[in-house]
Amino acid sequence: PGAGGPPGVTVPGVPNFLCDFLLDTTRAAANMIRNRTLDRFPNLSVILPHGGGFLPHIATRLEAFAGSFDPPVDPAVVRDHLHRFYYDTAGPMSPAGTLLATVDPARILFGSDWPACPADVVTDVAVPALAADPALTPALRRAVNRENALRLMPRLVRA
């Protein structure tokens, strides 16, 4: 149990899906940066769920304080990993402006969070939020919804 709440509740009265998965994603990414995971496994493609969690919002902070990692990390390693991760839109991540300012739009993929997220929430909330995101042009939306995934996973392209 966390923070005196029932099992699985970190902050009483606040469902975990509102904040905790975003923080978990951010922590996992920071740990991969600290361990230089993408350098040690150069053929590994990592898709960070939830638009990278809080990672795009703290990217500059991570670079500025990269020396605080144990062991210290060069800011260039942080920047390199940020640009080598892929990011999905599960969440929804709207608005996507911060993510688009941090990473190459070709590294953003549609994500639904299904089956953890009920299908009706995906279709009634997540998909419309992504469709209405003012940061996504029609071309970017097409890329996020399909084209980026096909480049990452070319076996999905119909012969």
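The values are calculated or read from the model by the stated rules, or taken from the named source; none is laboratory data. Being a predicted model, the structure only gives us computed values, none of them experimental. Heads up, the Cβs are rebuilt from the backbone with ideal geometry, glycines too, and the neighbour counts pull from every protein chain shown. Keep in mind that these areas ignore ligands, DNA and RNA; they rest on the heavy atoms of the full protein, side chains included. Shrake-Rupley method; radii C 1.70, N 1.55, O 1.52, S 1.80 Å.
A Förster radius of 30 Å, combined with the Cβ-Cβ distance separating R151 from T123, puts the computed FRET efficiency at roughly 0.70. Calculation over all alpha carbon pairs of the chain in 5 angstrom steps from 0 returns a P(r) of 1, 9, 16, 19, 19, 16, 12, 6, 2, 0, 0, 0 percent. The residues of the chain present an accessible area of 59 Å² per residue when probed at 1.4 Å with all protein chains retained. Contact order, relative form, for the chain: 17 percent (alpha carbon pairs under 8 Å, 6 or more residues apart, mean separation divided by residue count). For segment 82-159, the relative contact order is 36 percent, taking Cα pairs closer than 8 Å that sit 6 or more residues apart in sequence and dividing their mean separation by the residue count. For the peptides 96-104, 11-19, residues were scored by their other Cβ atoms within 10 Å and the scores averaged per peptide; the highest-first order is 96-104, 11-19. Averaging Cα coordinates gives a centre for segment 111-159 and one for segment 16-64; these two points are 20 Å apart. Among 47-55, 71-79, 117-125, the peptide with the highest mean count of other Cβ atoms within 10 Å heads the list, and the full ranking is 47-55, 71-79, 117-125. Over the chain, dividing the summed -39,500 (n - 2.57) contributions of all DSSP H runs of at least 4 residues by the number of residues returns a 222 nm mean residue ellipticity of -11000 deg cm²/dmol. Computed over protein heavy atoms with a 1.4 Å probe, the carbon and sulfur contribution to the accessible area of the chain reaches 61%. Counted over all Cα-Cα pairs of segment 98-159, pairs farther apart than 17 Å make up 47 percent.
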